[in-house]
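The values are calculated or read from the model by the stated rules, or taken from the named source; none is laboratory data. Everything numeric in this text was worked out from a predicted model, so none of it was measured. Reconstructed Cβ throughout: ideal geometry from the backbone, glycine too, with neighbour counts over all protein chains shown. Ligands, DNA and RNA are stripped out before the accessible areas are found, and what is left, the full protein with its side chains, is counted by its heavy atoms. Shrake-Rupley method; radii C 1.70, N 1.55, O 1.52, S 1.80 Å.
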Amino acid sequence: MYISKFSQLGARAVKNFIEAPLASTSRVLHLPLDQNRYLLPLMQKSFTTAADNAFEEPNEEKQKISVTFVDNDGEEKNIKVPVGMSMLEAAHENDVELEGACEGSLACSTCHVIVMDVDYYNKLEDPTDEENDMLDLAFGLSETSRLGCQIIANPDIDGIRLAIPAATRNFAADGYKPKPH
Amino acid sequence: MAMSIALKRLSRSFSTISSSNPLRVCVVGSGPAGFYTADKLLKKHERAEIDIIDRLPTPFGLVRSGVAPDHPETKIVTNQFSRVVQNERCSFIGNVSLGSSISLSELCAIYDVVVLAYGAESDRVLGVPGEELAGIYSAREFVWWYNGHPDCSKLDPDLMSTDTAVILGQGNVALDVARILLRPTFELASTDIASHAVAALEKSCIRKVYLVGRRGPVQAACTAKELREVLGIKDLYVHIDEADLLKTPADEEELKNSRIHRRVYELLSKAASSGASHISGQRELHFVFFQKPDRFLESDDKSGYVSGVRFEKTIVKENTESGKQIAAGTGHFENIECGLVLKSIGYKSVPVDGLPFDHHKGIVPNVGGRVLSDASGDRMQFEKGLYVCGWLKRGPTGIIATNHHCAEETVASISEDVEKGVLIPMSSSQQKPGREGLLQLLDSRNVRFVSFGEWEKIDTAEKRRGMLKSKPREKLTTWRELLKIASE
Ligand SMILES: Cc1cc2nc3c(=O)[nH]c(=O)nc-3n(C[C@H](O)[C@H](O)[C@H](O)COP(=O)(O)OP(=O)(O)OC[C@H]3O[C@@H](n4cnc5c(N)ncnc54)[C@H](O)[C@@H]3O)c2cc1C
Ligand SMILES: NC(=O)c1ccc[n+]([C@@H]2O[C@H](COP(=O)([O-])OP(=O)(O)OC[C@H]3O[C@@H](n4cnc5c(N)ncnc54)[C@H](OP(=O)(O)O)[C@@H]3O)[C@@H](O)[C@H]2O)c1
Ligand code: FES
């Protein structure tokens, strides 16, 4: 659901915003924090397309990195993600089925991904205590687990591969206990 | 005729689409389990037409009535749930209670598939003397009270006759309740907490809260996030006895195998050794370990009221059968005086007529979400078309996300049964009536259901009222108000 409708919503907000007079630019900053955090990358993106090309860096294309999501069934999807965008937003913009119950506010653990290559995992900044607190509760935690909403595209991780953990079929009848890390 | 009124409302409230051979599904309960189930079913089955019923006029289950008011980020998931109902093949039908508005057998006769996701709306009991004394509440009632659930808006717990509260249990619910009692009220006032609760908390005399666990800090049931939060409350003196932090070899082994417990234990150790001294006037939070409730003490001056809890000191040892570390009494007792007790030892599901139920575990017996009618023989026998999800299926543990995986499993079972052809009738004469049948039945019983559009009126009214008080919403907390706004 969220995937397509999610981005539709975002797109609608962006559209309203773009249609508003330029003077209202600062209004964006008064949006509630969560909404703001979610919308900003979208807005910046739409802005570069909507605005005059003169604003754009000539090497805009180079500012995108390649990311591959591997879903439950092993199916792969390669996408290009602008530097600065989170993997959760990138997934949603590209119809990749990654949950994001709290829309990136570090309160749900549903955006859990597993970095498939340890070298890439090591290139990421260490998770904060708050991210670790949510990872504690992630389903099917592994040594290279991270939250998709906390991984931000940067040139160092160009080529990163992220697995979306599969829910096991034999889901424990009396409550799921995460595996030890 | 009365029926036509309902049918008129039906056509106004719902877009009626119908494929030639739909799979008619009723999900009972609009909490995370219900919504995740509906979402997954809609995606998997193009012919699924889903009605989510709930006994309340408001959707979202514990996300509205359980999740703490100072956790707005956690409630963002309701955006996602609302989008599920926007699908034209899905609708919300509130104010309809399974067991009183409609029976299970009636529901099963109307729908091809019934998924029970009605949670756990009762409490585990301790079974110790004095449990019925005034001043003792279950955490569920207290949480419903501060979250404005219409069944507990009149709870009115007395927070003024005592300065001490004892919370039994050390799970996340216990920590939520402790935080609400101890957090500065000006911080709570800008949340969606019920206004009757802020008013009572502003006048509260509770200065000291004991969080009592029957096992040790290694086994504490809470998670690091909630613990970090309660330890970080402004102007709070936290006491943990360092002697309680000593570990046995079995404890060491347990910590090695559990990341959550390791991180919780580390936080507790850090708090114990921080050595902060108690500044007078500061509120206090005492973590008490290795004490199990033995009886509640009745007040001498106020008959029928609780004045304290008697605990038996425990040691934790391994149960040879289960391999789990359990609390065993030592025969040493001590009392904690208090005027308020909140039992936070777990929720419990309640059965409805005709539903197989495991009273010991407090769940509906199931395999992968298929309801078992009989597991006694060699072959397992399932209830055709009847499934279960969420706390009713697994027991009252797990976060919102857990229900996502739980729904995935239940929906996989439904899909298998659809593929096997056991769920969709072959001929149209066998087709079940689905939503129309439900609404006719409700109408004949004068049950006034609440549609999603009507819930949106409640939502708008709450947000509008909230704006006047700089709150995200001011909840409507009585049945009368909720139903009144819904019909405006
Ligand atoms: C106090 C508390 C705080 C929590 N905080 C968090 C948190 O911060 N983060 C987190 O991830 N998880 C939290 N949880 C856990 C989370 O709320 C649960 O995992 C989840 O709500 C369980 O989902 P459910 O759908 O099974 O049940 P519920 O959410 O309880 O939904 C059940 C629904 O069924 C309805 N219903 C009940 N009986 C009937 C009937 N007879 N007929 C029709 N409808 C009926 C109810 O009205 C309700 O809407 C918390 C739990 C509690 C108790
Ligand atoms: N922010 C969040 O993520 C959040 C917030 C609230 C709730 N939740 C989730 O909701 C679920 C329910 O929470 P919960 O706190 O109700 O349950 P819980 O985590 O199972 O904790 C129950 C507590 O009660 C104790 N207990 C049980 N029976 C007892 C008895 N007879 N005597 C004494 N103590 C007893 C348990 O001790 P033992 O360990 O010894 O059995 C435990 O400390 C949990 O999975 C929780 O994580 C999450
Ligand atoms: S989306 Fe909730 S933690 Fe990432």
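Observations, loosely collected:
- Selection count where residues are more than 15 Å from the chain's Cα centre (by Cα) and either buried (at least 24 other Cβ atoms within 10 Å of the Cβ) or among the basic types (Lys, Arg) (or both), scope the stretch B:58-73: 0
- Sole exception among (1) of a type in the set (A, V, I, L, M, F, W, C); (2) more than 23 Å from the chain's Cα centre (by Cα); (3) open to solvent by less than 10 Å² (accessible area, probe 1.4 Å) for B:Val84, by number: (2)
- Near pairs, Cβ below 9 angstrom, 6+ apart or cross-chain, from the stretch B:366-378 (within 12 Å of chain A (Cβ to nearest Cβ) and hydrophobic (A, V, I, L, M, F, W, C)) to any residue that is part of a loop (DSSP other than H, G, I, E, B) and open to solvent by 40 Å² or more (accessible area, probe 1.4 Å): B:Val367/A:Ala173; B:Val367/B:Ala375; B:Val367/B:Met380; B:Leu372/B:Met380
- Helices (runs of 4 or more DSSP H) (entirely within the stretch B:373-455) containing at least 2 residues that are more than 24 Å from B:Glu88 (Cα to Cα) and within 16 Å of ligand 3 (Cβ to nearest atom): B:400-419
- The stretch A:94-131, subset touching a strand residue (DSSP E or B) at 6+ places or on another chain (Cβ under 8 Å) and farther than 17 Å from A:Val67 by Cα, residue nearest to ligand 1 (Cβ to nearest atom): A:Ser109
For every residue, the table says whether it meets (1) assigned by TED's automatic domain parsing to the domain that holds B:Trp144; (2) surrounded by fewer than 22 Cβ atoms within 10 Å (Cβ to Cβ); (3) modelled with pLDDT of 95 or more; (4) closer than 21 Å to B:Val143 by Cβ.
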| residue | (1), (2), (3), (4) |
| --- | --- |
| B:Asp176 | yes, no, yes, yes |
| B:Leu188 | yes, yes, yes, yes |
| B:Lys203 | yes, yes, yes, yes |
| B:Ile206 | yes, yes, yes, yes |
| B:Val209 | yes, no, yes, yes |
| B:Tyr237 | yes, yes, yes, no |
| B:Ala243 | yes, yes, yes, no |
| B:Glu252 | yes, yes, yes, no |
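- Filter result (among the β-branched types (Val, Ile, Thr), in a helix (DSSP H, G or I) and out of contact with any Lys or Arg (no Cβ under 8 Å at 6 or more places or on another chain)) within the stretch A:113-158: A:Val118
- Some residue of the stretch B:460-469 being surrounded by fewer than 23 Cβ atoms within 10 Å (Cβ to Cβ), more than 28 Å from the chain's Cα centre (by Cα) and in a loop (DSSP other than H, G, I, E, B): no
- Within the stretch B:76-124, tally of residues that are in contact with a Ser or Thr (Cβ under 9 Å, 6 or more places away or on another chain) and either away from chain A (no Cβ under 14 Å) or within 16 Å of ligand 2 (Cβ to nearest atom) (or both): 16
- The condition of being near ligand 1 (Cβ under 7 Å from one of its atoms), of a type outside the set (Ser, Thr, Tyr) and under 20 Å from A:Gly104 (Cα atoms) does not hold for B:Ala33.
- Candidates are the residues of the stretch B:23-33 that are away from ligand 3 (no atom under 16 Å from the Cβ) and within 14 Å of chain A (Cβ to nearest Cβ); the one that is surrounded by the most Cβ atoms within 10 Å (Cβ to Cβ) is B:Ala33.
- In the stretch A:126-139, the residues that are surrounded by fewer than 17 Cβ atoms within 10 Å (Cβ to Cβ), farther than 15 Å from A:Ser105 by Cα and facing another protein chain (nearest Cβ under 9 Å): none
- Test for B:Gly148: is it assigned to a loop (DSSP other than H, G, I, E, B) and either within 16 Å of ligand 2 (Cβ to nearest atom) or without any contact (Cβ under 8 Å) to a residue 12 or more places away in the chain (or both): no
- Residues of the stretch B:375-421 satisfying the condition of being open to solvent by 20 Å² or more (accessible area, probe 1.4 Å) and within 16 Å of B:Pro351 (Cα to Cα): B:Glu383, B:Trp391, B:Pro396
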